[in-house]
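Heads up: the structure comes next, in structure tokens.
The values are calculated or read from the model by the stated rules, or taken from the named source; none is laboratory data. Everything numeric in this text was worked out from a predicted model, so none of it was measured. Ideal geometry is used to build each Cβ from the backbone, glycine not excepted, and the neighbour counts take in all protein chains shown. In case anyone asks, the SASA skips ligands and DNA or RNA and just uses the protein heavy atoms, side chains included. Shrake-Rupley method; radii C 1.70, N 1.55, O 1.52, S 1.80 Å.
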Amino acid sequence: MKPILLQGHERSITQIKYNREGDLLFSVAKDTVVNAWYSVNGERLGTYNGHTGAVWCVDCDWDTKNVLTGSADNSCRLWDCETGKQLALLETSSAVRTCGFDFSGNIIMFSTDKQMGYQCFLNFFDLRDPQQIKDNQPYLTVPCSESKITSAVWGPLGDYVIAGHESGEMNQFSAKSGEVLKKIKEHTKQINDMQSSVDLTMVISASKDNTAKLFDSTTLDHIKTFKTERPVNSAAISPIMDHVVMGGGQEAMEVTTTSTRIGKFEARFFHAAYEEEFGRVKGHFGPINCVAFHPDGKSYSSGGEDGYVRIHNFDPHYFDFELEA
């Protein structure tokens with residue numbers, strides 16, 4: 001399994017995202033650059049330039065027409081995927097932490113950080129209404145006073161957003177009314193990342209409490225738990241196998257020079273049904289900040305604190321692998 005190494009960032013990767021077909025991979029980092037890559041050979045297609053602060057999040061709509069990014073420069077920006085042109089600039093009063101298109105690609109949501117006297121907000125814009133963009137007036141703003149949102153994904157059919165919070169709790173916010181539909185607290189510490197399965201029926205959360213957990217996206221029923229010894233920065237669900245990949249390590253500030261030798265910075269593969277770890281992939285010289293499966297399930301990517309994105313194509317025997325229960 002020889003990885004393809006993508007060098008397009010000077011600082012640590014914050015998020016990577018495939019488009020729905022999986023031919024493109026978007027990466028954002030703390031260095032203001034938004035990169036688009038061909039996932040098949042790792043060639044860089046281009047960049048989206050304009051942000052002036054660390055970029056925290058990126059998303060692409062279902063037909064790969066638009067790209068959405070959120071940054072610490074207090075803005076959320078909409079780009080034309082093909083040309084790299086900036087289509088909209090939505091200014092906020094604090095950093096944009098997480099963003100996403102709903103399935104239609106018409107509604108966007110993004111959350112802002114609780115900082116500098118501003119509280120955390122979850123904002124909803126309808127891109128079909130140019131007036132909202134022009135006046136920078138979301139059709140719905142949900143304040144989150146208790147604990148800030150650290151990661152969020154759209155639920156199925158675009159009815160609600162599932163948000164993970166700094167306190168470890170998860171909420172379902174209605175995209176129509178903004179009310180909290182469901183509320184659970186399965187994690188004891190901050191949720192670092194949330195990702196949906198391909199059919200949007202399940203969502204996996206990665207947390208600082210050293211676990212990743214699988215939930216039903218509609219009922220928020222807790223299905224499985226995957227335990228490790230270190231904080232989990234990101235987790236993804238395989239679209240074709242009952243597998244989960246997790247990336248972690250420790251906090252950037254606690255990294256010592258000896259860690260890579262002991263092999264802390266591996267991507268870890270768990271069986272989704274048996275909650276059993278069955279494989280690890282080495283590679284990054286620092287904690288893994290984000291992982292993502294290719295939509296066809298034949299490869300996966302990871303982005304690290306070392307500023308590299310690595311695309312790993314699975315060997316044929318991966319697909320025949322059976323876990324002996």
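I'd like to verify a number: residues in the range 159-185 that are among the small types (Gly, Ala, Ser) and over 24 Å from residue 232 (Cβ atoms), how many?
4
Please determine whether any residue of the range 88-102 is surrounded by 23 or more Cβ atoms within 10 Å (Cβ to Cβ) and among the polar types (S, T, N, Q).
Yes: one or more hits.
Would you check if residue 225 is at pLDDT below 90, of a type outside the set (Asp, Glu) and surrounded by fewer than 16 Cβ atoms within 10 Å (Cβ to Cβ)?
So residue 225 does not fit the description; no.
I need a count of the residues in the range 171-185 that are farther than 30 Å from residue 230 by Cα and not in a loop (DSSP other than H, G, I, E, B).
Residues meeting the conditions: 3.
Could you pull out the residue among 188, 141, 211 that is touching a Lys or Arg at 6+ places or on another chain (Cβ under 8 Å) and either loosely packed, with under 15 Cβ neighbours inside 10 Å or within 24 Å of residue 230 (Cβ to Cβ) (or both)?
Just one listed residue meets the conditions, 211.
Let's see how each residue does on (1) open to solvent by 40 Å² or more (accessible area, probe 1.4 Å); (2) among the β-branched types (Val, Ile, Thr); (3) within 15 Å of residue 101 (Cα to Cα); (4) more than 22 Å from the chain's Cα centre (by Cα):
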residue	(1), (2), (3), (4)
118	yes, no, no, yes
124	no, no, yes, no
131	yes, no, no, yes
137	yes, no, no, yes
145	yes, no, no, yes
153	no, yes, yes, no
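With 159, 102 as the choices, which residue is among the charged types (D, E, K, R), farther than 21 Å from residue 208 by Cβ and free of Cβ contacts under 8 Å to residues at least 24 places away in the same chain?
Residue meeting the stated conditions: 159.
So which residues in the range 1-49 are outside any strand (DSSP E or B) and of a type in the set (D, E, K, R)?
2, 10, 11, 20, 21, 23, 30, 31, 43
Quick one: which residue in 50, 8 is at positive phi and in contact (Cβ under 8 Å) with a residue 12 or more places away in the chain?
Residue meeting the stated conditions: 50.
Give the residue, chosen from 66, 41, that is surrounded by fewer than 21 Cβ atoms within 10 Å (Cβ to Cβ) and closer than 30 Å to residue 318 by Cα.
Selected residue: 41, the only one of 66, 41 that is surrounded by fewer than 21 Cβ atoms within 10 Å (Cβ to Cβ) and closer than 30 Å to residue 318 by Cα.
Can you pull out the strands (runs of 3 or more DSSP E) entirely within the range 87-158 that have at least 2 residues that are β-branched (Val, Ile, Thr)?
So the answer is 96-101, 107-112, 140-144, 149-154.
Checking the structure you have, find out if any residue of the range 17-33 is under 30 Å from residue 131 (Cβ atoms), touching a Phe, Trp or Tyr at 6+ places or on another chain (Cβ under 8 Å) and open to solvent by 20 Å² or more (accessible area, probe 1.4 Å).
yes
Considering each residue of the range 191-208, count those that are over 15 Å from residue 148 (Cα atoms) and open to solvent by less than 20 Å² (accessible area, probe 1.4 Å), and give that number.
The total comes to 5.
Can you spot a residue in the range 55-65 that is part of a loop (DSSP other than H, G, I, E, B) and closer than 19 Å to residue 151 by Cα?
Within the range 55-65, one or more residues are part of a loop (DSSP other than H, G, I, E, B) and closer than 19 Å to residue 151 by Cα.
Looking at residue 160, is it in contact with a strand residue (DSSP E or B) (Cβ under 9 Å, 6 or more places away or on another chain), among the hydroxyl-bearing types (Ser, Thr, Tyr) and either farther than 23 Å from residue 58 by Cβ or open to solvent by 30 Å² or more (accessible area, probe 1.4 Å) (or both)?
No: the conditions fail for residue 160.
Out of the range 276-325, which residues are surrounded by fewer than 19 Cβ atoms within 10 Å (Cβ to Cβ), within 16 Å of the chain's Cα centre (by Cα) and under 18 Å from residue 228 (Cα atoms)?
Those that are surrounded by fewer than 19 Cβ atoms within 10 Å (Cβ to Cβ), within 16 Å of the chain's Cα centre (by Cα) and under 18 Å from residue 228 (Cα atoms): none in the range 276-325.
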